[in-house]
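The values are calculated or read from the model by the stated rules, or taken from the named source; none is laboratory data. Not measured: the values here are computed from a predicted model. Here the Cβ is made from the backbone with ideal geometry for all residues, glycine too, and neighbour counts use every protein chain on show. Protein only, heavy atoms only, side chains kept; ligands, DNA and RNA dropped before computing areas. Shrake-Rupley method; radii C 1.70, N 1.55, O 1.52, S 1.80 Å.
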Amino acid sequence: AATLAWLFYTSGTTGRSKGAMLTHRNLMAMTVSHLADFDSPDHNCSLVHGAPMSHGSGLYIPPYVLRGARQVIPESAAFDPDEFLDLCDYHPGCSAFLAPTMVQRLVQTGRSCPQNLQTVVYGGGPMYVDSLKKAMAAFGPIFVQLYGQGESPMTITGLRRADHVDADAAILGSVGYARSGVDVAVLREDGNPASTGEIGEIVCRGDVVMTGYWNNLDATAKALQDGWLRTGDIGSFDERGFLTLRDRSKDVVISGGSNIYPREVEEILLEHPGVYEAGVVGAPD
């Protein structure tokens with residue numbers, strides 16, 4: 001079970017991409033968590049690969065293979081929203097993993113949700129509350145959110161389909177609660193657990209967490225400390241147990257001694273009807 005199964009290369013937002021060593025145990029834990037929390041496919045179901053199989057979409061192959069479901073690979077070998085929806089019209093019991101920008105492009109087609117499209121798992125970047133509300137209005141309650149990393153593949157926290165229904169903006173703007181088989185905590189700079197509402201670094205542990213980085217002992221020592229994976233992400237838990245992701249620790253803008261989280265500013269900007277997209281960065285002034 002501890003044998004190396006997959007070298008999963010991270011997207012490398014902070015320098016050169018690193019190979020997360022994923023074992024058979026890691027992949028089995030990821031698979032069981034997906035089936036427990038999000039989806040229960042059978043042999044009459046389909047996984048439509050709208051996103052690259054070398055990354056997030058490929059990590060969802062194991063649970064669908066386990067259940068004997070079909071794998072659908074678009075002929076275009078890219079993400080064409082109309083082709084994706086056509087495939088979901090044709091194949092039974094469709095699910096897919098899509099990045100938030102891909103979900104927005106589905107909404108922009110103006111088409112209604114195919115009857116066979118049952119679940120869209122979104123993750124890999126921020127899904128703004130305004131965009132999520134528009135997607136739910138167009139396609140209904142088919143959305144599932146995940147927060148994970150290559151180092152804890154697809155599995156840290158999540159929001160199920162039912163969690164999206166009648167949810168307030170705080171829930172829709174969160175990344176949900178701890179996934180099955182995973183402990184999640186927020187730590188202050190001194191290493192102690194943060195209190196409710198207090199911001200700190202998100203850490204997690206469980207059978208899904210990698211054994212380390214391939215041929216990179218220094219990076220492994222920084223990422224895995226005292227049995228916890230240090231995600232490098234900043235967040236806080238509310239009193240209901242929902243985790244809100246503030247930003248990557250590297251993205252936080254410090255101005256006048258105050259921490260500014262670009263994601264929060266972007267959410268406000270997107271509420272204005274004249275704003276189509278927003279991206280916030282810090283600049284000397």
* Which residue pairs have Cβ atoms under 6 Å apart, sit 6 or more places apart or on different chains, and have a first residue in the stretch 202-213 that is in contact (Cβ under 8 Å) with a residue 40 or more places away in the chain and on the phi < 0 side of the Ramachandran plot and a second that is acidic (Asp, Glu) and part of a loop (DSSP other than H, G, I, E, B)? -> Met210/Glu151
* Would you pick out the residues in the stretch 217-233 that are under 21 Å from Met30 (Cα atoms), open to solvent by 50 Å² or more (accessible area, probe 1.4 Å) and of a type in the set (D, E, K, R)? -> Arg230
* To do: Mind counting the residues in the stretch 192-216 that are open to solvent by less than 50 Å² (accessible area, probe 1.4 Å) and outside any loop (DSSP other than H, G, I, E, B)?
  => 7
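Counting only residues that are more than 16 Å from Ala29 (Cβ to Cβ), of a type outside the set (Asp, Glu) and open to solvent by less than 10 Å² (accessible area, probe 1.4 Å), give me the helices (runs of 4 or more DSSP H) lying completely in the stretch 121-189 with at least 2 of them. Talk me through it step by step, then tell me what you get.
Working: elements: 129-139, 161-164, 169-172.
Filter on the stretch 121-189 gives 129-139.
Check every one of the helices (runs of 4 or more DSSP H) wholly within the stretch 1-117 and list those with 1 or more residues that are free of Cβ contacts under 8 Å to residues at least 40 places away in the same chain and buried (at least 20 other Cβ atoms within 10 Å of the Cβ). Even if it seems obvious, please write down each step before you answer.
On the way: elements: 24-37, 56-59, 61-66, 81-90, 100-108.
Per the criteria, 24-37, 61-66, 81-90, 100-108.
Going residue by residue through the stretch 241-252, is there one that turns out to be modelled with pLDDT of 80 or more, under 19 Å from Met127 (Cα atoms) and among the β-branched types (Val, Ile, Thr)? Explain how you work it out, then say what you get.
Applying the first criterion (modelled with pLDDT of 80 or more) to the stretch 241-252 yields 241-246.
Within this subset, residues satisfying the condition of being under 19 Å from Met127 (Cα atoms) are 242-246.
From what is left, the residues that are among the β-branched types (Val, Ile, Thr) are 244.
Yes, that holds for at least one residue.
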* May I ask you to list the residues in the stretch 15-56 that are among the acidic types (Asp, Glu) and touching a helix residue (DSSP H, G or I) at 6+ places or on another chain (Cβ under 8 Å)? => Asp39
* Only one of these conditions is not met by Asp86: (1) within 15 Å of the chain's Cα centre (by Cα); (2) more than 22 Å from Leu146 (Cβ to Cβ). Which number is it? -> (1)
* **Checklist (1) modelled with pLDDT of 95 or more; (2) closer than 20 Å to Met30 by Cα; (3) of a type in the set (A, V, I, L, M) applied to Val72, failing item** => (2)
* To do: Count, please, the residues in the stretch 234-243 that happen to be closer than 29 Å to Pro62 by Cα and crowded, with 22+ Cβ neighbours inside 10 Å.
  => 1
* Every residue from the stretch 16-29 that is in contact with a Phe, Trp or Tyr (Cβ under 9 Å, 6 or more places away or on another chain) and closer than 30 Å to Ala162 by Cα -> Asn26, Leu27
* Asked: Out of all the residues in the stretch 118-138, which are farther than 25 Å from Lys18 by Cβ, touching a Leu at 6+ places or on another chain (Cβ under 7 Å) and not charged (D, E, K, R)?
  -> Val120, Tyr128, Val129, Leu132
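Yes or no, residue by residue, for (1) under 16 Å from Gly124 (Cα atoms); (2) in contact (Cβ under 8 Å) with a residue 60 or more places away in the chain; (3) touching a strand residue (DSSP E or B) at 6+ places or on another chain (Cβ under 6 Å):
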residue: Thr155; (1), (2), (3): yes, yes, yes
residue: Ala162; (1), (2), (3): no, no, no
residue: Ala170; (1), (2), (3): no, yes, no
residue: Ser174; (1), (2), (3): yes, yes, yes
residue: Gly181; (1), (2), (3): no, yes, yes
residue: Val186; (1), (2), (3): no, no, yes
residue: Ser195; (1), (2), (3): no, no, no
